[in-house]
Amino acid sequence: MAAIAADLQQAGLWLTESKRVAALTGAGISAESGVPTFRGKDGLWQGFKATDLATPQAFARDPKLVWNFYNWRRELLAPLQPNPAHKALIRLEEKIPQFSLITQNIDDLHRRAGSKNLVELHGNIWMVRCTRCHLVSRNEEVPLPELPACEECGGLLRPHVVWFGEQLDPTILDKAVAAIRSCDIMLVIGTSALVQPAASLAIVAKEQGARVVEINLEPTPYSHKLDLALQGKAGVLLPQLVERLE
Ligand code: BV8
Ligand code: ZN
């Protein structure tokens with residue numbers, strides 16, 4: 001326990017000296033809200049892996065199956081609340097002159113927690129996009145019809161999220177990279193750092209001279225390249241880290 005206290009102390013010091021902070025979050029920050037992560041034991045749905053269903057090919061082949069998957073996640077997510085980790089990032093945003101929050105998550109919990117400067121790299125589960133007229137709208141119906149239709153043109157709607165094999169919105173990615181390129185310190189929270197290009201943002205930060213601190217339940221392929229890797233629950237460690245700023 002002593003080691004982690006010393007690491008928290010050190011991370012707190014670096015944060016106190018920083019004017020520009022960037023945070024990248026993954027599914028692990030929402031785990032304590034009850035959101036299943038992708039690679040934990042609960043990373044499966046009816047025997048399917050998310051990587052099998054969150055693809056344009058799967059949607060073209062069987063849109064009903066893919067919508068069943070997203071409807072299941074929408075129903076599961078609707079009642080869930082932000083946890084102390086999400087809330088600690090709100091306090092950080094209030095304290096740090098320039099704070100950017102970049103998330104891989106589509107669960108909307110950062111927005112619901114009140115994060116302002118938020119970049120959703122992979123979209124948002126409550127946003128839908130028409131496959132015909134490309135109209136994007138927020139829709140919180142739970143559940144949506146099995147094959148939801150666009151109100152404007154009747155075209156088939158899809159989740160407005162980035163599937164595997166799809167490019168991220170360049171404007172959104174550029175905003176994330178700009179924040180990473182200019183930060184003094186980057187926090188990488190609750191991600192297995194396997195999905196690209198999000199995972200490599202930590203290296204972009206390191207290469208421009210920022211300090212990078214990881215908070216995760218387990219080590220990741222990037223842990224050994226970073227300045228600190230705090231092992232533990234985000235809902236426990238993040239509030240402790242932000243307290244050092246008070
Ligand atoms: C692209 C939206 C290029 C959808 C998501 C082979 C090798 C390398 C790369 C590839 C490859 N084949 C394909 C690729 C590229 C691919 C990729 O990276 N694949 C991976 C699987 C290898 N990437 C893409 O396809 C991206 N696009 O590359 O386009 C391109 C170029 C030209 C032309 C066309 C295309 C698009 C990737 C975006 C995919 N969409 N989400 C949806 O959610 O339904 S990704 C999705 O999975 C999430 O958004 C998130 O990004 C990812 C899950 O990762 P994590 O968030 O890290 O979650 P995970 O469960 O893995 O880890 C949680 C961690 O938290 C764990 O470490 C755990 O220990 C920890 N934890 C748990 N509890 C806690 C905790 N930590 C703290 N506290 C706790 N309480
Ligand atoms: Zn339409």
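Looking at Leu168 and the list (1) more than 21 Å from Ile29 (Cβ to Cβ); (2) not in a strand (DSSP E or B), which single condition is not satisfied?
The failed condition is (1).
Return the only residue of Ala31, Ala22 being open to solvent by less than 10 Å² (accessible area, probe 1.4 Å), closer than 22 Å to Val162 by Cα and under 17 Å from the mean Cα position of the chain (by Cα). Quick ask: steps written out before the conclusion?
Details: Ala31 fails: open to solvent by less than 10 Å² (accessible area, probe 1.4 Å).
Result of the check over Ala31, Ala22: Ala22.
Where the second residue is part of a helix (DSSP H, G or I) and polar (S, T, N, Q) and the first is under 22 Å from Leu168 (Cβ atoms) and open to solvent by 20 Å² or more (accessible area, probe 1.4 Å) and lies in the range 45-68, which pairs have Cβ atoms under 8 Å and are six or more apart or on separate chains?
none
Collect the residues in the range 205-226 that are farther than 15 Å from Thr191 by Cα, open to solvent by 60 Å² or more (accessible area, probe 1.4 Å) and either touching a Pro at 6+ places or on another chain (Cβ under 8 Å) or touching a residue at least 24 places away in the same chain (Cβ under 8 Å) (or both), keeping them in residue-number order.
Within the range 205-226, Gln208, Arg211 qualify.
Select from the range 173-193 the residues that are open to solvent by less than 50 Å² (accessible area, probe 1.4 Å), within 29 Å of Gln10 (Cβ to Cβ) and in a helix (DSSP H, G or I) and list them in ascending order.
Ala176, Val177, Ala179, Ile180, Ser182 - these are the residues of the range 173-193 that are open to solvent by less than 50 Å² (accessible area, probe 1.4 Å), within 29 Å of Gln10 (Cβ to Cβ) and in a helix (DSSP H, G or I).
Failed condition for Ala176, given (1) more than 16 Å from ligand 2 (Cβ to nearest atom); (2) free of Cβ contacts under 8 Å to residues at least 40 places away in the same chain, with all others met?
Status for Ala176: all satisfied but (2).
Ala85 fails exactly one of the following numbered conditions: (1) farther than 27 Å from Gln167 by Cβ; (2) among the small types (Gly, Ala, Ser); (3) not assigned by TED's automatic domain parsing to the domain that holds Val213. What is the number of that condition?
(3)
Condition check: part of a loop (DSSP other than H, G, I, E, B), over 14 Å from the mean Cα position of the chain (by Cα) and either within 15 Å of ligand 2 (Cβ to nearest atom) or among the β-branched types (Val, Ile, Thr) (or both). Does Arg158 satisfy that?
Against the criterion (part of a loop (DSSP other than H, G, I, E, B), over 14 Å from the mean Cα position of the chain (by Cα) and either within 15 Å of ligand 2 (Cβ to nearest atom) or among the β-branched types (Val, Ile, Thr) (or both)), Arg158 does not qualify.
For the range 81-142, give me every one of the strands (runs of 3 or more DSSP E) that falls completely inside it and has 2 or more residues that are open to solvent by less than 60 Å² (accessible area, probe 1.4 Å) and hydroxyl-bearing (Ser, Thr, Tyr). Walk me through how you get there before you give the answer.
Working: elements: 98-103, 118-120, 123-130, 136-138.
The qualifying strands (runs of 3 or more DSSP E) are 98-103.
Kindly check whether there is at least one residue in the range 23-41 that is away from ligand 1 (no atom under 13 Å from the Cβ), closer than 24 Å to Lys175 by Cβ, of a type in the set (Ser, Thr, Tyr) and not assigned by TED's automatic domain parsing to the domain that holds Leu147.
No, that holds for no residue.
Going by the structure shown, is Ala11 closer than 12 Å to Arg244 by Cβ, assigned to a helix (DSSP H, G or I) and away from ligand 2 (no atom under 16 Å from the Cβ)? Give the derivation first.
On the way: closer than 12 Å to Arg244 by Cβ: yes; assigned to a helix (DSSP H, G or I): yes; away from ligand 2 (no atom under 16 Å from the Cβ): yes.
Criteria met by Ala11.
Give the residues of the range 143-155 that are outside any strand (DSSP E or B) and small (Gly, Ala, Ser), sorted by residue number. Spell out the reasoning first.
Narrowing the range 143-155 to residues outside any strand (DSSP E or B): 143-148, 150-155.
Answer for the range 143-155, where residues must be outside any strand (DSSP E or B) and small (Gly, Ala, Ser): Gly154, Gly155.
Only one residue in Pro145, Pro170 is free of Cβ contacts under 8 Å to residues at least 12 places away in the same chain and either open to solvent by less than 50 Å² (accessible area, probe 1.4 Å) or over 30 Å from Leu15 (Cα atoms) (or both). Which one?
After applying the criteria, what remains is Pro145.
How do the pairs read when you match residues in the range 118-140 that are closer than 17 Å to Gln167 by Cα with residues anywhere that are hydrophobic (A, V, I, L, M, F, W, C) and away from ligand 1 (no atom under 16 Å from the Cβ), using Cβ under 6 Å and keeping only pairs 6 or more apart or on different chains?
Final answer for the pair search is Thr131/Leu156.
The values are calculated or read from the model by the stated rules, or taken from the named source; none is laboratory data. Since the structure is predicted, the reported quantities are computational estimates derived from the model, not experimental observations. Cβ coordinates were reconstructed from backbone atoms using ideal geometry, including for glycine residues, and neighbour counts include every protein chain displayed. Note: areas computed on protein heavy atoms with side chains; ligands, DNA, RNA excluded. Shrake-Rupley method; radii C 1.70, N 1.55, O 1.52, S 1.80 Å.
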